[in-house]
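J.: Sharing a structure, written as structure tokens. Questions coming.
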Amino acid sequence: MPDPDRGVGRGNAFWAGLALPGVVWLCLFFLLPFYVILCVALGSVHPIFQTPRPEWNPLLWRTGAFEFVFEGLFSSGAGFQKVFLRTFAYVAIATALSLLIAYPVAYFIARFGGRWKGLLLVGLIAPFFISYLMRMLAWINLLQDDGWVNDVLVWIGIFDEPRNWLDGRASSVILGLVYGYVPFMILPLYAFLDRIDRSLLEAARDLGASPFEAFRLVTLPLSMPAILAGIVIIALPMFGDYYTTDLLSQSPQTSMIGNQIFLYIRGGQQIPVGAALVVVLMLFLTVLMGYYVVSTARAHRRLGG
Amino acid sequence: MARIREWWSNPWGKPRFLALFTMLYLVWSIVPILIAIRFSFNDGRSRSTAQGWSLRWYLDDPDLSIRNDPDLHTALFQSLRLATIAVLVTVPLGVALAIGLTRWRGRGAGTSRAVSLATLVTPEIVMGTALLLVFVHVLTFIPLGTIAQAIGHITFSLVFVLIIVRGRLLAIGPEYEEAARDLGATQFQALRLALLPMLVPATVASAIIVFAISMDDFVISQFLSSGTATDTVPVRIYSTGRTAPTPALNALATLTLGLTLVVALVGYLLWRGVRAARGGTGSALQDFAALDAEPLR
């Protein structure tokens, strides 16, 4: 007869051992690489070949690349500052539009889906199985000179002649971002709204609230954490996006921070500057995440959860 | 007018404006894809004027079809190769990680969960840069190309397995293993005979997700590619989408989408089968829809 208590202490080691391969994997391919980015950004370059020479010893780190980045960020009108502000504007507009689309759709399906819910959910999940790049390709087809968008706009009479939508227009890039990222916002919103207890709404109605008041006073405040989560889920990857503007605009006029990073890292010249840009982007996103964590905690507290 | 007032004051009626809005959204999200698929079957070279139907861009064109343009079918095979490797490595690694991190009581468990969650919110361009630099400067024995790309795919898809399996584990609770242990099973036997069989549906679901996100991935595949030979389908779409597009690119995207859907459908049927055999309830769609980071907190 085995002693029932015998396994408890040893069991912990067993479970830790089970987690070990995954933990080692994450250390090797997620944590270590971040240190390498720092070492490259704070290292030097080979004087002739311009290849980066990472500096592993923190005591010998040089801040040249960061000085270059900050100079570009904080002297007004300089390259990095323009690109950073543009990225911020694109992400803010695209996120706001996504929320305006995602919330009503998620709300309708969660509350009124009824027997069509399964089918509607298939429609929501479908974009997850279609490659992002294919969805951008679909819009390249539609937006080209002789594409269907121009056909429709000319036919309705909004424009006299076809426009070139793929030639550095912010509107095309923002359309692409919204189209690309909105499914990632709808799904978490749906999952959350679906869990809201309907008896709360019935209570609000019984106490004399109109349907709109019930929504404004009950559903909307309750879904605040989900709205914040949805914003974070799509805004973070948008800050690192370079392919949407490359495919739908190709012009330096709509270049985002991701394009700059891609240029420095994959272009081969001044890789430390690219690495420094990545670090700055990460710090900026960490601040955003911190704000998110604080506001979610506050929202939970207000709801007494 | 009276009808509108009646509809407005009926608290249980469906809001028609929202219904219309949802329909418009679904049309807007699906129709561009259908149009892109339609032009992959175009007989002519245009991607905006219907010019009859044919399989020219899949099979028949002597130079530019998927069958005859090596760049295109190489990309398709590379995508499938990476997705297969990703599923085969990530699923066992992730299931073990999820079980370990859920049952292990210690400070390391919480930290490890936080690190996994960090991979979820790290933009891909950051992870791509980080992995590129690590393979070039530290782990130099790993060459850029298939192996590096596969490592990247495994790293960012690990967290999805963790979320799905951990969600299921929290729902199951520790009682079944405790019962098995009371009946004399060793720790390993309890894991193998009691816990793992209950995790089969979650394992199948995570395999589908890993396959789909690996097929979808662009940034990591591009950063860690060693050249045209290791370009995946999304990388090919990116590099020729604006410069030299033909309907063959639409055909490539359509074929990739078809393959992804077939794998997802087979996986879904398998999931339903194992779920029914194990007496589970609920809808798979609702399960996938509920996929969020909640269990990690």
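J.: Could I have the simple spin-label model distance between B:Met198 and B:Arg38, label points 7 Å from Cα toward Cβ, reported in nm to one decimal?
T.: In this crude spin-label approximation the distance works out to 5.1 nm.
J.: How high is the relative contact order of the range B:86-221? Use alpha-carbon pairs under 8 Å, at least six apart in sequence, and give a whole percent. Please list the in-between numbers first.
T.: Values: 109 pairs, mean separation 55.8, N = 136.
Relative contact order, the range B:86-221: 41 percent.
J.: Mean Kyte-Doolittle hydropathy of 1.6 or higher plus an axial Cα length of 20 Å or more: which whole DSSP H helices in chain A meet both?
T.: Correct list, ordered by number: A:224-239.
J.: Given 37 °C and 0.692 mPa s, how large is the Stokes-Einstein diffusion coefficient of the range A:77-150 in µm²/s, with Rh as the Kirkwood radius over Cα pairs?
T.: Roughly 211 µm²/s, to the nearest whole number.
J.: Can you sort A:Tyr291, A:Tyr90 so the residue with the fewest Cβ neighbours within 10 Å comes first?
T.: In order of increasing Cβ crowding within 10 Å: A:Tyr291, A:Tyr90.
J.: Hey, fewest Cβ within 10 Å first, where do A:Cys27, A:Cys39 land in order?
T.: By the 10 Å Cβ count, ascending, the order reads A:Cys27, A:Cys39.
J.: Sticking with this one: Using label points projected 7 Å from each Cα along Cα→Cβ, tell me how many nm separate A:Tyr35 and B:Ala50, to one decimal.
T.: In this crude label model, A:Tyr35 to B:Ala50 measures out at 6.1 nm.
J.: Quick one: if the Förster radius is 41 Å, what FRET efficiency do A:Phe184 and A:Ile48 give, using the C-beta to C-beta distance and rounding to 0.05?
T.: 0.35
J.: Still on this structure: Rank the residues A:His46, B:His73, B:His137, A:His300 as a footprinting-exposure proxy: fewest other Cβ atoms within 10 Å of their Cβ go first.
T.: Details: A:His46 9, B:His73 15, B:His137 18, A:His300 12.
The fewest-first ordering by Cβ neighbours comes to A:His46, A:His300, B:His73, B:His137.
J.: Give me the net charge for the shell around A:Ser199: Cβ to Cβ below 14 angstrom, other residues only, Lys and Arg +1, Asp and Glu -1.
T.: Charge balance in the 14 Å sphere: +1.
J.: In addition: What does the charge count near A:Pro52 come to, summing +1 for each Lys or Arg and -1 for each Asp or Glu among other residues with Cβ under 14 Å from its Cβ?
T.: Its environment carries a net charge of +2.
J.: Using r as the Cβ-Cβ distance of B:His73 and A:Arg62, and R0 as 30 Å, what FRET efficiency do you calculate, to the nearest 0.05?
T.: 0.05
J.: Right, another one. So what is the calculated 222 nm ellipticity per residue for chain A, using -39500 (n - 2.57) for each DSSP H run with n of 4 or more, over all residues, to the nearest 500 deg cm²/dmol?
T.: -22500 deg cm²/dmol
J.: Still on this model: State the Cα centre-to-centre distance between the range A:126-161 and the range B:79-142 in whole Å.
T.: So the two Cα centres are separated by 37 Å.
J.: Then there's this: Identify, among A:Asn259, A:Leu175, A:Ile196, the residue whose Cα sits farthest towards the positive end of the charge dipole of the range A:171-305, taking +1 on the Cβ of Lys and Arg and -1 on the Cβ of Asp and Glu, with the dipole about the Cα centre.
T.: Going by the charge dipole, the pick is A:Ile196.
J.: Please sort B:152-162, B:41-51, A:257-267 by packing, taking for each peptide the average over its residues of neighbouring beta carbons within 10 angstrom, highest first.
T.: Descending packing order for the listed peptides: B:152-162, A:257-267, B:41-51.
J.: Kyte-Doolittle cut-off -0.5, length cut-off 27 Å along the helix's own axis using Cα: show which whole DSSP H helices in chain B pass.
T.: B:16-40, B:70-103, B:146-172, B:196-216, B:247-277
J.: Counting only residues 5 or more places away or on other chains, whose amide H sits under 5 Å from the amide H of A:Val45 once H atoms are built in the peptide plane?
T.: For A:Val45, the qualifying residues are A:Arg53.
J.: How shielded is B:90-102 by partner chains, expressed as the average number of their Cβ atoms within 10 Å of its Cβ atoms?
T.: Details: counts 2, 0, 2, 5, 2, 2, 7, 8, 3, 4, 10, 6, 3.
Mean inter-chain Cβ contacts per residue within 10 Å come to 4.
J.: While we're on this one: How would you classify chain A from its alpha-carbon gyration tensor, with a ≥ b ≥ c the square roots of the eigenvalues: rounded for a/c under 1.5, else prolate if a/b is greater than b/c, otherwise oblate?
T.: In terms of gyration-tensor shape, oblate.
J.: Right, another one. Where does chain B land at 222 nm, in deg cm²/dmol rounded to the nearest 500, when only DSSP H runs of n ≥ 4 count, each adding -39500 (n - 2.57), divided by all residues?
T.: Calculated from helices alone, the mean residue ellipticity at 222 nm is -23000 deg cm²/dmol.
J.: Just need the relative contact order of chain B here, percent rounded to a whole number, with Cα pairs under 8 Å and 6+ apart.
T.: Numbers: 308 pairs, mean separation 78.1, N = 297.
26 percent.
J.: Moving on to the next point. Give me the percent relative contact order of the range A:204-264, please, defined on Cα pairs under 8 angstrom at least 6 residues apart.
T.: Relative contact order, the range A:204-264: 23 percent.
J.: So if R0 is 51 Å, what FRET efficiency would B:Arg105 and A:Asp145 give, r being the distance between their Cβ atoms, rounded to the nearest 0.05?
T.: For B:Arg105 and A:Asp145, the calculated efficiency is 0.20.
J.: Next question. Give me the one-decimal nm value for the distance between modelled label points at A:Tyr291 and B:Leu183, 7 Å along each residue's Cα-to-Cβ direction.
T.: 5.5 nm
J.: Ok, one more. Give, as a single signed number, the net charge of other residues whose beta carbon lies under 11 Å from the beta carbon of A:Leu137, with Lys and Arg counted +1 and Asp and Glu -1.
T.: Overall, the nearby charge balance is +4.
J.: What dipole magnitude, in Debye to the nearest 20, does the protein assembly as shown give about its Cα centre under +1 on Lys/Arg Cβ and -1 on Asp/Glu Cβ?
T.: With Lys and Arg at +1 and Asp and Glu at -1, about 1340 debye.
All of the numbers you see were taken from the coordinates with simple rules; none came from a lab. Remember, predicted model here, so these are calculated numbers, not experimental data. All Cβ positions, glycine included, derive from the backbone under ideal geometry; neighbour counts span all protein chains shown.
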